[in-house]
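Participant: Please read through the structure below; I'll follow up with questions.
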Amino acid sequence: MRSDSELQQDARLELVREPGVDAETIEVRVQDGVVTLTGNVRSEAESWSAADAVRRVPGVQNVVNETMITRETSVLPADTDADVARPWFPSN
């Protein structure tokens, strides 16, 4: 049976190798052969790909995927901030 630290190292390697997965944003913890993934991903597809990659590691008993999907928001130009922040009241 492989140790948790060996499984963690191999799981990290699988994440790095997996296309479409940013391994830098995902934390890997292992306890008793169960891998827990946490961190931020860009999409559901990336989250699923990360979990699938880790499941391929020999010795992994289960994968708990706790990654969070973060959406990038567009940044408004500085001159429009005042218009966005100011409430609008109809004139009487």
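Coordinate-derived values only; no laboratory data. In this text the structure is predicted, and so the values were computed from the model without any measurement. With ideal geometry, Cβ positions are generated from the backbone for all residues, glycine too; neighbour counts draw on all protein chains shown.
Participant: What is the magnitude of the charge dipole of the stretch 1-50 about its Cα centre, with +1 placed on the Cβ of each Lys and Arg, -1 on the Cβ of each Asp and Glu, and no other charges, expressed in debye to the nearest 20? Numbers along the way, then the final one.
Facilitator: On the way: 5 positive and 11 negative charges, 5 e Å.
Taking the Cα centre of the stretch 1-50 as origin, the dipole is about 20 debye.
Participant: For a quick check: with amide H placed at 1.01 Å from N, whose amide H comes under 5 Å from Glu27's, ignoring anything fewer than 5 positions away on the same chain?
Facilitator: Thr38, Gly39
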